[in-house]
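Note sheet for the following structure.
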Amino acid sequence: MNDLTARTNLAKARDDAWIPTSCALCYGSCSILAHRVDGVVVKIEGNPDSVLGKGRQCGKGVSGIMSHYDPNRLKVPLRRTNPNKGLDEDPRWKEISWDEALDEIAQVFGRIRAEDPRKLLIQRTTTVTAGRNPLYAFGNAFGTPNYSTAGGGLHCGNGAHLISGIMHASWSVTPDFEYCNYAIYFGASKGHGAGHASTANMKLAADARARGMKMVVVDPMCNFASAKATEWVPLRVGTDGALALAMCNVLVNEVAIYDAPYLQAKTNAPYLIGPDKCYVRDAATNKPLVWDGAAGAARPYSEARSADMALGGDFDVNGVRCQPAFQKLKDHLKQFTPEWCETVTTVPAANVRRIAGEFGREARVGSTIMVEGVNLPYRPVAAVAFRGAQGHMNSLYNFYAIDLLNELVGASDVVGGCLGFNPACHGFPETGRPRYVPKPDPDGLMITGMWMGYHYPYPVSEPRMPKNAGLQDLFTLGMTSPFLDSDDREALWTQFELPYRPEAMLNFGANLLMSIANRDSVARSLATYKFMVSIDIFETETTRFADIVLPDCGYLQTLDSRSNFPFIFSLPGGMGEWCWPIRQPVLPPEGEQRRFQDVLLDLADRIGFRADMNAAYNASLNLAPEHRLQGDRRYTWEEICDAELKTYFGDSRGLEWFKEHGLIKWPKKPEEVYWRPFVDVRVPVYWEFLVPLADKIDAITAPRGHKVPREYYEPLPNHIPCVSHCCTAPGFDLYAFYYRDTLHTNSYTMENPWLDEAAKLDPYSYTIAVNTDTGRAKGLRDGTLVWIETETGRRVQGRVKLTQGIHPEGLGIGACAGHWGDGMPVAKGKGVFFNGLLELDAKHASPVNMNLDLCVRVKIVPAEVRS
């Protein structure tokens with residue numbers, strides 16, 4: 001054989017392939033192509049066929065190679081040999097076989113399931129590897145109601161997701177970038193950092209700015225979004241809602257710009273409100289009444305033309321004095337003058353009036369536009385918010401007030417306005433699946449078409465004595481709970497007569513010690529579990545509290561038939577295409593790594609509830625009858641994924657088809673994207689349901705010594721100061737907050753050498769941002785080593801970076817940094833552990849939605865001065 005023939009045969013035999021799959025370096029789950037050569041991934045690019053990035057990748061996605069090939073990854077199951085658990089305890093790991101590990105887990109979990117399945121807590125992260133669905137299926141089949149996402153909801157969603165769900169039937173909101181002309185960002189990075197549909201939104205946002213969209217960013221720090229803004233509006237930390245309320249006041253009471261037809265037809269603004277703050281209802285139908293101007297009488301909302309419904313006035317209905325909800329709102333807003341706002345937020349009153357006026361005029365109330373042959377309302381303005389604005393005890397009212405700006409001018413889920421992330425879908429054309437469309441409840445208010453594995457945000461569940469250790473069945477507007485780890489959890493469980501105590505934890509990739517609050521509180525809670533299993537790709541600070549550690553496959557080694565499902569989470573809003581990608585293995589497991597989905601199926605078999613697991617998958621995946629899992633048959637994970645794909649896309653497009661093609665697309669329709677005019681539902685600009693909800697909760701809690709603070713349950717938004725705003729201790733003159741660093745995802749990516757290198761080049765990623773004038777007045781300079789201290793004595797250390805791009809009272813810390821464990825050596829010691837400043841108790845959590853207060857009043861002490 002000559003040399004040329006040999007080389008030719010070698011080339012033919014070589015493994016050289018581009019594999020379509022999806023990223024998991026953040027929960028954006030962008031579609032990617034992984035280039036594998038001779039069993040090694042040499043490059044990762046965006047998949048140009050996907051709307052999730054359209055061929056682009058952010059720095060995190062490109063660097064996924066380094067996360068995969070990290071030599072510190074877990075490769076074998078481990079058992080703890082040190083019975084003591086604590087921050088300074090060495091687990092003294094012993095390598096064991098998979099059979100040993102799974103037998104031990106099955107024995108403990110089986111006993112718990114027989115005694116009381118609620119004693120198991122399933123803990124997960126929002127990142128690291130594949131989707132949440134297998135964990136929910138396992139938990140539902142096991143019989144536990146106890147799930148948590150570590151710091152997820154407490155830090156980013158208990159307010160934002162709640163209001164987005166109730167007002168937009170979605171997990172989050174974004175401007176309609178293609179048509180929006182004026183966007184106000186309140187503590188959000190939509191299109192400018194990590195998060196929902198991040199890479200796709202970056203391009204959409206950049207194109208919108210190039211087209212001329214004005215972007216006003218309200219934020220204490222001139223960070224990634226602010227740096228690209230037309231105007232940056234710095235404000236005091238935690239006062240976003242106060243600014244929004246003042247702007248709403250300007251719109252309705254000063255310049256009189258609001259969309260009356262929208263308010264009449266698509267909100268509860270015309271519903272009559274009695275002296276008890278609740279709807280005045282029809283005696284025969286129990287439906288809320290409106291004042292029908294044409295009839296000159298009160299009628300059920302469903303029997304009057306929306307155009308005839310009064311928005312203002314005082315009426316007498318069967319001896320009850322009442323007003324339309326909009327009249328209540330209008331009068332309520334009068335107290336929030338721009339001058340009052342200036343004292344609370346530090347934003348000049350003149351700027352408040354100017355920005356509100358610009359927003360109102362640019363809304364073009366009453367205008368329409370043609371989109372693909374359909375004439376639709378056109379309101380090219382959007383007020384959006386996320387983690388920054390909602391990361392406080394007052395998160396509900398902050399976000400509620402911000403969204404009122406959209407509702408007042410009718411810019412809600414219409415062309416150019418504030419869009420929910422795809423709340424309506426008519427399904428793949430050949431199957432009509434998945435289909436979800438919002439629908440009305442008996443009061444006409446919107447029930448979401450699909451949600452995220454949590455309860456629907458509306459209608460609100462009936463409060464009851466808690467059976468859930470997080471107390472979400474008592475405080476029913478809460479999603480993620482602080483009370484699984486809080487310092488006062490035992491007192492609360494006793495007070496509310498929780499009939500059991502959590503004994504075991506199944507942890508999937510969550511680093512609770514870093515992602516919730518101060519590590520001492522969380523460590524105390526973790527040490528109480530009698531048995532803890534952690535499935536992860538690294539040994540994290542939290543993994544060191546586990547009894548058994550199982551090495552997971554990374555995202556380049558795993559399979560997921562719904563890697564960006566639900567669409568409301570990671571598919572960009574606006575017109576374009578629906579896109580359903582899968583995640584598929586590019587590389588095999590290394591060592592003894594196993595996919596967590598296979599592990600859960602194995603455990604279900606060993607414990608003996610495979611039939612329940614199959615039923616849970618049938619329900620959670622909404623499998624078609626012909627593809628439902630039967631009885632206790634032992635299906636593989638591949639077979640389950642195949643059943644789901646065939647359910648939605650037909651028998652000819654199962655798993656093998658998707659492995660070849662990577663994804664499927666089909667065009668969106670205007671009536672799906674701009675669904676609001678096509679669906680007969682209303683949203684509450686007046687949150688009447690909070691009043692009876694408070695009564696019901698109070699009826700349970702008050703006899704047990706816990707009064708519901710009614711100021712959090714008023715039906716109209718107010719400004720409630722954060723705990724940090726109430727600090728009067730001398731010397732504590734700065735408001736500390738943390739912000740998302742676009743280079744990093746939670747605490748995970750600091751172990752990635754490429755991203756760590758980039759972060760070290762960024763002067764802010766690993767430092768403490770302080771206003772230049774404030775810092776100089778304190779004798780600080782760039783690089784000064786300081787302690788940041790709270791009035792309760794908590795402290796963290798870091799180096800100062802002075803900047804004019806932060807509010808004079810602000811102190812900004814980037815990302816979820818500050819690893820101290822040895823299992824992630826690249827990450828160890830990098831950045832500042834902001835969460836070490838946070839208290840974890842009921843006093844610092846919202847009494848309405850359980851959101852943790854994430855800003856804290858602090859003082860700076862130079863490290864060399866402090867004793």
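The values are calculated or read from the model by the stated rules, or taken from the named source; none is laboratory data. Here the structure is a predicted model, which is why all the values come from computation and not from measurement. Here the Cβ is made from the backbone with ideal geometry for all residues, glycine too, and neighbour counts use every protein chain on show. Each accessible area value is taken on the protein alone, full model and side chains, heavy atoms only, with ligands, DNA and RNA left out. Shrake-Rupley method; radii C 1.70, N 1.55, O 1.52, S 1.80 Å.
Please determine, by comparing only the residues of region 49-64 that are in contact (Cβ under 8 Å) with a residue 12 or more places away in the chain and open to solvent by 20 Å² or more (accessible area, probe 1.4 Å), which one is farthest from the chain's Cα centre (by Cα). Break it down into steps so the answer makes sense when it comes.
Within region 49-64, the subset in contact (Cβ under 8 Å) with a residue 12 or more places away in the chain is 49-54, 56-64.
Going one step further and asking which of them are open to solvent by 20 Å² or more (accessible area, probe 1.4 Å), we end up with 49, 54, 56-59, 62.
Details: ASP49: 27, LYS54: 23, ARG56: 23, GLN57: 22, CYS58: 20, GLY59: 22, VAL62: 24 Å.
Step by step, filter region 49-64, then rank; the result is ASP49.
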Flagged in region 269-280 as within 31 Å of the chain's Cα centre (by Cα) and within 15 Å of GLY313 (Cα to Cα), in numbering order, are ALA269
What number of residues within region 301-326 satisfy the criterion of being open to solvent by less than 60 Å² (accessible area, probe 1.4 Å), outside any loop (DSSP other than H, G, I, E, B) and without any contact (Cβ under 8 Å) to a residue 24 or more places away in the chain? 1
Hits in region 816-867 - residues which are open to solvent by less than 10 Å² (accessible area, probe 1.4 Å) and either without any contact (Cβ under 8 Å) to a residue 60 or more places away in the chain or of a type in the set (Asp, Glu) (or both): ASP853
Can you tell me which condition SER534 does not meet? The list is (1) touching a residue at least 40 places away in the same chain (Cβ under 8 Å); (2) touching a helix residue (DSSP H, G or I) at 6+ places or on another chain (Cβ under 8 Å), and all the others hold. (1)
Among the residues of region 716-739, which ones are of a type outside the set (Asp, Glu), touching a strand residue (DSSP E or B) at 6+ places or on another chain (Cβ under 8 Å) and part of a loop (DSSP other than H, G, I, E, B)? CYS727, ALA729, GLY731, PHE732
Mind checking whether some residue in region 560-568 is more than 25 Å from GLU644 (Cα to Cα), touching a Ser or Thr at 6+ places or on another chain (Cβ under 6 Å) and in contact (Cβ under 8 Å) with a residue 12 or more places away in the chain? no
Out of VAL237, VAL217, which single residue is open to solvent by less than 10 Å² (accessible area, probe 1.4 Å), part of a loop (DSSP other than H, G, I, E, B) and either among the acidic types (Asp, Glu) or not assigned by TED's automatic domain parsing to the domain that holds CYS30 (or both)? VAL237
Within the set of pairs 6 or more residues apart or between chains, which connect a residue that is under 12 Å from CYS248 (Cβ atoms) inside region 340-357 to a residue that is hydrophobic (A, V, I, L, M, F, W, C) and surrounded by fewer than 19 Cβ atoms within 10 Å (Cβ to Cβ) with Cβ atoms less than 8 Å apart? CYS341/ALA349; ALA356/VAL255
Looking at (1) without any contact (Cβ under 8 Å) to a residue 12 or more places away in the chain; (2) under 30 Å from the mean Cα position of the chain (by Cα), which is the one condition that is false for ALA284? (2)
Is there a residue in region 516-525 that is closer than 28 Å to PRO588 by Cβ, open to solvent by 10 Å² or more (accessible area, probe 1.4 Å) and either in a loop (DSSP other than H, G, I, E, B) or not polar (S, T, N, Q) (or both)? no
Would a scan of region 332-354 turn up a residue that is surrounded by fewer than 17 Cβ atoms within 10 Å (Cβ to Cβ) and farther than 30 Å from GLY810 by Cα? no
Any idea which of ALA383, ALA411 is in contact with a helix residue (DSSP H, G or I) (Cβ under 6 Å, 6 or more places away or on another chain) and surrounded by 24 or more Cβ atoms within 10 Å (Cβ to Cβ)? ALA383
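Answer with yes or no whether TYR635 is of a type outside the set (A, V, I, L, M, F, W, C), at negative phi and open to solvent by less than 10 Å² (accessible area, probe 1.4 Å).
no
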Conditions first: (1) part of a strand (DSSP E or B); (2) surrounded by fewer than 24 Cβ atoms within 10 Å (Cβ to Cβ). PHE224 passes all but one, so which condition is the exception? (1)
Do we have LEU289 as free of Cβ contacts under 8 Å to residues at least 40 places away in the same chain, within 37 Å of the chain's Cα centre (by Cα), open to solvent by less than 20 Å² (accessible area, probe 1.4 Å) and closer than 16 Å to GLN264 by Cβ here? yes
Return yes when PRO175 is modelled with pLDDT of 90 or more, touching a Lys or Arg at 6+ places or on another chain (Cβ under 8 Å) and either farther than 30 Å from ARG211 by Cα or aliphatic (A, V, I, L, M) (or both) and no when it is not. no
Give me the residue from region 91-120 that is over 34 Å from the mean Cα position of the chain (by Cα) and assigned to a loop (DSSP other than H, G, I, E, B) and, out of that set, surrounded by the most Cβ atoms within 10 Å (Cβ to Cβ). ILE96
Check on ASN146, open to solvent by 20 Å² or more (accessible area, probe 1.4 Å) and touching a strand residue (DSSP E or B) at 6+ places or on another chain (Cβ under 9 Å): no
Which fully enclosed helices (runs of 4 or more DSSP H) of region 584-683 have 3 or more residues being over 19 Å from SER563 (Cβ atoms)? 596-607, 610-620, 670-673
The lone exception for HIS744 - which of (1) open to solvent by 40 Å² or more (accessible area, probe 1.4 Å); (2) in a loop (DSSP other than H, G, I, E, B); (3) of a type outside the set (Gly, Ala, Ser) it fails: (1)
Pick out the one residue from LEU506, LEU513, LEU474 that is at pLDDT 95 or above, closer than 18 Å to GLY159 by Cα and open to solvent by less than 10 Å² (accessible area, probe 1.4 Å). LEU474
Restricting region 11-47 to residues that are of a type in the set (D, E, K, R) and open to solvent by less than 60 Å² (accessible area, probe 1.4 Å), the residue that is nearest to ILE664 (Cα to Cα): ARG36
Could you name every one of the helices (runs of 4 or more DSSP H) located completely within region 329-448 that has at least 3 residues being at pLDDT 95 or above and over 26 Å from PRO288 (Cβ atoms)? 338-345, 349-362
Taking THR701, is it closer than 23 Å to TYR27 by Cβ, touching a residue at least 40 places away in the same chain (Cβ under 8 Å) and either open to solvent by 30 Å² or more (accessible area, probe 1.4 Å) or more than 26 Å from the chain's Cα centre (by Cα) (or both)? no
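Mind checking whether some residue in region 174-193 is without any contact (Cβ under 8 Å) to a residue 40 or more places away in the chain, on the phi > 0 side of the Ramachandran plot and either touching a Pro at 6+ places or on another chain (Cβ under 9 Å) or in a loop (DSSP other than H, G, I, E, B) (or both)?
Yes, because at least one residue in region 174-193 is without any contact (Cβ under 8 Å) to a residue 40 or more places away in the chain, on the phi > 0 side of the Ramachandran plot and either touching a Pro at 6+ places or on another chain (Cβ under 9 Å) or in a loop (DSSP other than H, G, I, E, B) (or both).
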